[in-house]
Structure formats: structure tokens, C-alpha cells
Amino acid sequence: MIKKPLHNFHIPVMGLAYTIDSPIRVAQYGISSVISIIDDEIIEKMKNFYSKKFNLDYGSISSRIDDYRAKRITAYLDMVDDIVNEKFETFKEEISKNATALRNFIDMLPNTSEVKAGMKSILDQNQNVTSTIRSFIEKHLSPGNIDVNIMTKVDKENFKNDEPLPVIFNDAHASLRGFAKSKLSSSVVLSAGMNPRLYGYLEDFDDFFPDRNGVLKKKIILKVSDFRSAMIQGNFLAKKGLWVSEYRIESGLNCGGHAFATEGLLLGTILEEFKQKKNELVQSAYALIIKALEQKQRYSFSSPPEMKITVQGGIGTSEEHDFLLHTYNVESIGWGSPFLLVPEATSVDHETRELLIQSKEADFYLSNLSPLSVPFNTVKGTSNEIIRQEKQKKNRYGSSCPKKLLALSREYAPEGMCTASKKYQDIKFRELDAEKGNLSEGLIKRKMEEITEKACLCVGLVNAAYLEQNIPIKGEKQGVVICPGPNLAYFDKEVSLSEMVQHIYGNTNILSPNNRPNMFVNELKMYVDHLQKEIADHFGEITNSRMKKWNAFKNNLLQGIDYYRNIFAESHFFKKDLFLIQQLQQYESILLKMDISKI
């Protein structure tokens, strides 16, 4: 019997290591979380750390052996599964015997949960509680999912003796193989867009296809920005006999990490389209997958399998959480950045967590730190930023690039270089020196900033986990890079796991009393700012296609405002929020005054 999830929220992947061990911390409570599996070095070190901590027999895997990347990932995921199952058994034993522990767990469950109601009823009976509750637990409880994330674009080609290795040894391919060969029954979250070669590689593993009972041992989750993208990618995979079990919709700008802005399409309008067209998404993929599975002579489905729609990005109150659940029929909501302030849930060093607590709205910003040349959410004052500034005062630029996960630029080398590396930046400086005579001081300064603002994410995004667990950090001092969403500005204290979960379900409030904007207004503001900045930063001739793009962006925002005005009027959640309506009018006024034809 497949048990229903205990919670209607999940913890999304954060950075390379902020959720590297989150399942070990929270899965016993039924909370699902996502591990990044692109960096085998942090995975190997965490495996060795936890193997020693729990006295497990998981030996070290040397980088000198064949396919070490995939083997490290498989071993770590198998170990996490072992630890989670052991902790889950211990937890079940505890709550079946300890009434206080049981009550504390009940307090963490959704108020609408049938499991919560059932447990409360057993406690209220006050007779033979232990045996009754144990039977109930066995029937209804299950640990949270140990899901994994792969950024599809982080798929660097690898070399041996200066010769390129086969495609299956590319970074993302090896990560996928590591997950596919693990004993987990969970999902891979594919993010950052479509990678046809990687998607095709999924076909090599039986676990992604249905068994004789139509059950998928391993499932596919696609992180998408709009319905069109979901339809294209879902059908592409269905033609290969692969089912997308979940579409995870993320706000384009009001999220942590890399920000993939839409063309002015706001989250509410995107969710509405998924709600209205979900059946179209299901039936289109189902018709294709039945044919594909028949051609491959594989087991098939007797009816369309489950396809979930979930959402994440910028949620901060129980009212917003409930609004999303009830208005758009989503099955789970991702709460990411706020969990960075929960030591029981995420891997963050004390100094960085204190920085997040003290930081205000103006400290969170969209940067150009990422070597992927995609806008990247971060916060001012990180140890990485301080170290880079100190180095630059001494005219020292760029990273030694020890991991090369983002060495994806082939501008100067066929094996790829990272734009945050010293090697790459030295070349750029020489080019800039050669053309300085033809440039203004302002343009020289701007080009200098473009070269030097890139940070070594491969190292910076894992150092917090090392610092928290006192794992030695080798190599050049890089400090910590952290990638919270701007919503974290309104959370200003460290909280327990229980407090955060009860905040999500509306049983307590951990937000400080300030003027936090509604999540939809906050995203709208970011999109208006994004459009204004893009126009202001543009130099050179403004083409008709550029003008058309900006007008379409503006019109999409105006249509989004109209949509929000109507949906909020119909909903009991935000109906009395006059400030919310005033803010929508404020941004509508800004957009209406923006005459793009006169730019």
C-alpha cells in the first residue's frame, strides 16, 4: 500500500550543500527534501563523515578509480537511505511509547491531516495507547522522500590523459547514473532547462520505467517556469517511454539560487494555466508514452499515472501557503530559504546563519556572481565577498578553480574554463589592456567589474557544510557563498524545526512585525525592477525586436495585475487586504507611465 505524504510542503534543493544531509535531519518526521548530487567531492566527504558518526561500513572511494563520480554518489545515497530508515524506526518506537514525543509530533502535522486526527483520537481514549498507536503508526507513517537534484546544464565534458571521455562520463550524466544505481525509491529533480542528451540517458536505466504493476521505482520531476516548457519537455520524455511524475513550478525571480526570469509572466498566471490545462498535460503525455512503451516491449500503465503540480519561491506565511493549496490545487509547496535559519534542517555554519539573521531587505540582491552568466540571488557581507575584496585590493583576481564543475566556457580552451577562474580572468585583463585606448573610463570600469564579479561557486557553496561539521577545508581560502531568496529578509531569528513547521501550518508566527509584502506583490516588484534595469542597462541601437520584447514583457505584467485583482477579490484569503490592492495599483501605475516607444 502506498502511503500518503504526511506533509504538504517540501524542502527544495539549496546550493550544492545546504541540503546535502537534510534527509538525515528531517526525513523521519515525514518531511521530503532534495540533495544536490552534482559535486561528488562534498558527497564523498559527507559520506565519510556520517559513516564514521553512525559507525557504518562505507569506505572511501578514491578519485583514481574508474567512474568514481557515479560510485561516490551511489554509495552516499545508499548510506543516507540506511540512516533515514534506522532513524525512522527509532522515531516510531519513541512516539509509540512516549506521549510527550507523540504530542510534539502531532503538533507538527497539518491541521487538516487525517493522520493528525487519528492520533489525537487515540490519545484521547487513554487506554491501551501504546499498542493502538503502534498499529496506527505502522499503517500510516512513512519517512520523507530522499530526492536528488541535477542542474542539467552543469554537464561538463571530462578528460583522461588529454583525451575526452565518452558522454556518459560528463558531470550530469555521471550524477544521474549515481542516482539510478542507488537503492533509493525516490525522484530526480531536473532543473535549469532541457538537456536532450541527458534526457535520453534516462532510457538506459530500468528504474525509470514501470514494473509489471505499473509502479515507478524512480521518478522524474521537472522544475519548470511555464506551461509551454512543461508540455514540450514532458512530451519529449513521454516519446522515450518516460513519465514526468511532477512539475515543480518555481517563481522566476522570487526564489533562491539562480534566477530564470520569465517574459513577465507572473507566478499566479502560470499556476492558473497549469490548473486549467493539467488534464491536457496528462493526456498528451499518456498517449505518447503508451505507444513508446509498446514499441520498447516494456511493461505499461493501465491508466495515466499520478502527475503532481507543486510550487515554490517566496512563500512566507501560512495564508500564502493555504492560498496556493486551495486556489491552484497544488499538492506540495516548497519552503526553501526560511529553512536556512533552522539548524535541525539545513547545513549552515554559525557565522553565515548569523549574517542571514541580521540582514535586511536591502541586503538581499540579484547578483552577477555566477559563472553560468545567470542572475544569482545572494546577500551582502558573506565571507566569500570579503575575501574577494581583500584579494582585489592586492590586485589578485580569480579562483584557482580546483573543481572545474562550471568550467563550461570554451572561448579559450576546448576542455573548458570557468569564468571565475584566475586563468580565464587573466586572459580577459590582457584583452582589456589592449583596447583601453579606445574606451572611456566608465566603460573600462564596467568591463573590469564584469570580469571580476564572478565567484567560485563550486567551493563557496559547499564550505558552510564543512565549517558546520568541522571538516578540514583544503586549498585556497574562498569563504562561503550563500544563495537565499529575497523572502528571507523578513525572517530574523534562528528557530527550531517544530517552530518552522508550525509557522507553515499557521499554528504559530515566527515573522517579525514588519511590512512584509505579499509574495505575489514581491514578485511583481522584482519583475518591474528587472524590466526597468534591463532598459536602463541597454546600450547601442534599440532594435524593433528588442522593443517588441520589452512591450510584451510590460503587457504580461499588466495582464498579471488584472488577474491578481480578480482572483484576490474572489478569494477569502486576501479579500480584506486593502494594502495588497493598493500595491497592485502602484505597480500598475508605474507600468502604464512607462512609454517604451520613447526610450
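Things to note:
- Across the protein chains, with a 1.4 Å probe defining accessible surface, the residues K554, K120, K576 rank K576, K120, K554 from largest area downward.
- What a 1.4 Å probe finds exposed on segment 191-271 is 48% carbon and sulfur by accessible area, rounded to a whole percent.
- Every Cα-Cα pair in segment 391-531 was counted, and those over 23 Å apart are 59% of them.
- Candidates per trypsin sites (Lys or Arg not before Pro) in segment 174-252, loop by DSSP, up to 12 other Cβ within 10 Å: K183, R212
- Percentage of interatomic Cα-Cα distances in segment 63-200 larger than 19 Å: 62 percent
- Mean accessible surface per residue for segment 116-216, computed with a 1.4 Å probe while every protein chain stays in place, in Å²: 44 Å²
- Measuring between alpha carbons in the structure, the pairs from K87/K308; K92/K120; K240/K404 lying more than 26 angstrom apart are K87/K308; K240/K404.
- Rounded to 5, percent antiparallel among DSSP beta bridges of the chain: 20 percent
- Using the Cβ of P472 as centre and a radius below 15 Å, the other residues enclosed give a net charge of -1, where K and R count +1 and D and E count -1.
- Here the simple spin-label model places points 7 Å from the Cα toward Cβ, and for E411 and N514 these points are separated by 3.7 nm.
- Surface share of carbon and sulfur [accessible, 1.4 angstrom probe, percent] for segment 469-599: 50 percent
- Simple rule: put +1 on each Lys or Arg Cβ and -1 on each Asp or Glu Cβ in segment 322-472, find the dipole, and look at I357, N384, P343; the Cα lying farthest toward the positive end is N384.
- Surface/4 of the Cα convex hull for segment 256-381, nm²: 12.0 nm²
- Averaged per residue, segment 477-599 has 51 square angstrom of accessible surface, using a 1.4 angstrom probe with ligands and nucleic acids left out.
- Pairs exceeding a 31 Å alpha-carbon distance, out of K223/K360; K71/K223; K3/K493: K3/K493.
- Fully extending the segment from F579 to R565 would add 3.8 nm, taking 0.36 nm per residue of separation and subtracting the current Cα-Cα distance.
- Using θ = phi - 60° and Karplus 6.51 cos²θ - 1.76 cosθ + 1.60, couplings along segment 21-32 (whole Hz; Gly, Pro as x): 10, 4, x, 4, 7, 10, 4, 5, 8, x, 8, 8
- Rounded to the nearest 20 debye, dipole of the chain from Cβ charges on Lys, Arg, Asp, Glu: 620 debye
- Helix-only [θ]222 nm of the chain, DSSP H runs n ≥ 4, -39500 (n - 2.57) each, per residue, nearest 500: -14500 deg cm²/dmol
- When all protein chains stay in place and ligands, DNA and RNA are ignored, the 1.4 Å accessible-area order of F159, F88, largest first, is F159, F88.
- Comparing L324, I444, N254 along the charge dipole axis of the chain, the residue lying farthest to the positive side is I444, per the Cβ-charge model.
- The aspartates and glutamates whose alpha-carbon is closer than 17 Å to the alpha-carbon of K53, local same-chain residues fewer than 8 away aside, are D21, E44, D78, D81, D82, E86, E344, E468.
- Nearest-10 value in Å² for the accessible area of V311, using the 1.4 Å probe: 0 Å²
- In a reduced charge model with +1 at each Lys and Arg Cβ and -1 at each Asp and Glu Cβ, segment 447-599 shows a dipole moment near 320 debye about its Cα centre.
- With the simple spin-label model, which puts each label point 7 Å out from Cα in the Cβ direction, the R298 to S245 separation comes to 1.4 nm.
- If R0 is 60 Å, the Cβ-Cβ spacing of K4 and L558 corresponds to a FRET efficiency of close to 0.90.
- Normalised Debye scattering of the chain at q = 0.05 Å⁻¹ gives log10 I(q)/I(0) of -0.22, counting only Cα atoms as equal scatterers and leaving out solvent.
- Stretchable slack from I535 to L56, in nm (0.36 nm times residue separation minus alpha-carbon distance): 166.8 nm
The values are calculated or read from the model by the stated rules, or taken from the named source; none is laboratory data. Computed from a prediction, not measured in an experiment: that's the story for all the values here. Methodologically, a virtual Cβ is constructed for each residue, glycine included, from the backbone with ideal geometry; neighbour enumeration extends over all protein chains shown. Calculation scope for accessible area: heavy atoms of the full protein, side chains included, ligands and nucleic acids excluded. Shrake-Rupley method; radii C 1.70, N 1.55, O 1.52, S 1.80 Å.
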